[in-house]
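Down below is the structure, laid out as structure tokens.
The values are calculated or read from the model by the stated rules, or taken from the named source; none is laboratory data. Everything numeric here is computed off the predicted structure, so don't read it as measured data. Cβ coordinates were reconstructed from backbone atoms using ideal geometry, including for glycine residues, and neighbour counts include every protein chain displayed. Protein only, heavy atoms only, side chains kept; ligands, DNA and RNA dropped before computing areas. Shrake-Rupley method; radii C 1.70, N 1.55, O 1.52, S 1.80 Å.
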Amino acid sequence: MKKMTAMLAAVALTAAACGSDAGSGGAKTLTVFAAASLTESFGALEKKFEAAHAGVDVKIGYDGSSKLAQQINEGAKADVFASADQPNMEKVVKAGRADGQPKVFATNKLTIAVPPGNPKGVKTFADLAKPGVKVVVCAPQVPCGSAEKKVEKATGVAVKAVSEEQDVKAVKAKVQSGDADAGLVYVSDVVSAGGKIDKVDFPEASNAINDYPIAVVKDAPQPDLARQFLDLVFGADGKQELGKVGFGTAS
């Protein structure tokens with residue numbers, strides 16, 4: 001997390017510097033803070049945006065939505081914030097740090113990630129509570145952790161995790177490395193893993209579907225570019241890239 005925090009700070013400083021030179025005709029930096037689960041889809045949109053905007057460098061800082069919201073509310077310079085849930089976006093709105101009303105651009109739901117072949121034979125959410133099954137989840141303040149707690153409440157199944165991670169990519173990494181027998185991640189995380197992990201869908205996941213809102217940040221260094229990035233996310237290219245990795249469409 002120290003490395004990620006340092007990276008975000010560097011991104012923010014770069015954005016501030018470029019924002020002050022916005023009228024000089026030089027290169028411009030568009031700074032996007034995005035939930036970790038958006039890494040693959042927003043990575044593709046970053047390339048598309050840069051290809052369509054000569055002289056623009058898109059810098060995306062990925063982390064847990066709770067951490068990103070905190071950074072923005074503490075004054076980090078960013079142009080766009082894409083959250084993996086509504087509550088963390090609401091923190092930014094209540095702090096007066098959102099420029100306009102956030103809009104939902106995608107949905108996502110939990111699935112159980114297991115190593116290839118599912119060696120522990122996990123078939124249901126209840127199987128995660130069985131003795132001898134090492135389960136990794138997100139921390140409760142992180143959207144994927146909050147969703148997991150909703151499923152626990154709906155099912156009455158208490159999962160005793162061996163660790164709680166600060167973002168969903170860390171959960172996926174532990175399953176992928178074999179440090180965990182199972183982990184609660186989003187469907188998009190398993191799809192984007194390209195066969196390195198398997199997934200076990202469970203019907204109770206419908207009790208905790210996450211809406212993903214996005215907004216331009218108040219006093220963004222590059223407000224016009226920020227709005228154009230939102231247009232890309234909501235456009236055909238955005239829907240295509242999000243759909244590739246399993247995100248659902250916004251209602």
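What is the Cα radius of gyration of the chain over 2.2 N^0.38 Å, N being its residue count?
Cα Rg divided by the expected 2.2 N^0.38 Å: 1.02.
Give me the accessible area of Leu184, 1.4 Å probe, in Å² rounded to the nearest 10.
0 Å²
Could you tell me the calculated FRET efficiency between Lys123 and Ala27, based on Cβ-Cβ distance and R0 = 45 angstrom, to the nearest 0.05?
The formula returns an efficiency of 0.30 here.
Probe of 1.4 angstrom, ligands and nucleic acids ignored: what's the accessible area per residue over region 95-166, in square angstrom?
Normalised by residue count, the accessible surface of region 95-166 is 47 Å².
In what sequence, largest accessible area first, do Val187, Val171 appear using a 1.4 Å probe?
Details: Val187 20, Val171 0 Å².
My answer, sorted largest first, is Val187, Val171.
Taking the Cα centre as origin and putting +1 on Lys and Arg beta-carbons and -1 on Asp and Glu beta-carbons, what dipole magnitude results for the chain, to the nearest 20 debye? Show your work: numbers first, answer last.
On the way: 30 positive and 29 negative charges, 96 e Å.
Around 460 debye, computed over the chain.
Give the separation of the Cα centroids, region 217-251 to region 146-166, in Å.
Cα centroid to Cα centroid, the span is 30 Å.
In Å and from the alpha-carbon atoms only, list the Rg and Dmax of region 147-189.
10.8, 30
Using a 1.4 Å probe, how large is the accessible area of Ile209, given in Å² and rounded to the nearest 10?
The accessible area comes out at roughly 90 Å².
In nm, to one decimal, how far is the Ala95 label point from the Lys218 one, both placed 7 Å along Cα→Cβ?
In this crude spin-label approximation the distance works out to 1.1 nm.
For the chain, what is the mean residue ellipticity at 222 nm derived from helices alone (per DSSP H run of n ≥ 4: -39500 (n - 2.57); sum divided by total residues; nearest 500 deg cm²/dmol)?
Taken over the chain, the calculation gives -12500 deg cm²/dmol.
Divide the volume of the convex hull of the Cα atoms of region 75-144 by its number of residues and quote the answer in cubic angstrom per residue. It would help to have the intermediate numbers written out before the result.
Values: hull volume 10.3 nm³, N = 70.
In region 75-144, the Cα convex hull volume per residue is 147 Å³.
Calculate how steeply helix 143-155 sits against the longest principal axis of the alpha-carbon atoms of the chain, using the helix alpha-carbon long axis, and give the answer as 0 to 90 degrees to the nearest 10.
30 degrees
Leaving ligands and nucleic acids out of the surface, order Arg227, Arg97 by accessible area at 1.4 Å, largest first.
The ordering from most to least exposed comes out as Arg227, Arg97.
State the percentage of accessible surface on the chain attributable to carbon and sulfur atoms; use a 1.4 Å probe and exclude ligands, DNA and RNA.
The computed percentage sits at 52.
Leaving ligands and nucleic acids out of the surface, order Asp167, Asp63 by accessible area at 1.4 Å, largest first.
Result, largest first: Asp167, Asp63.
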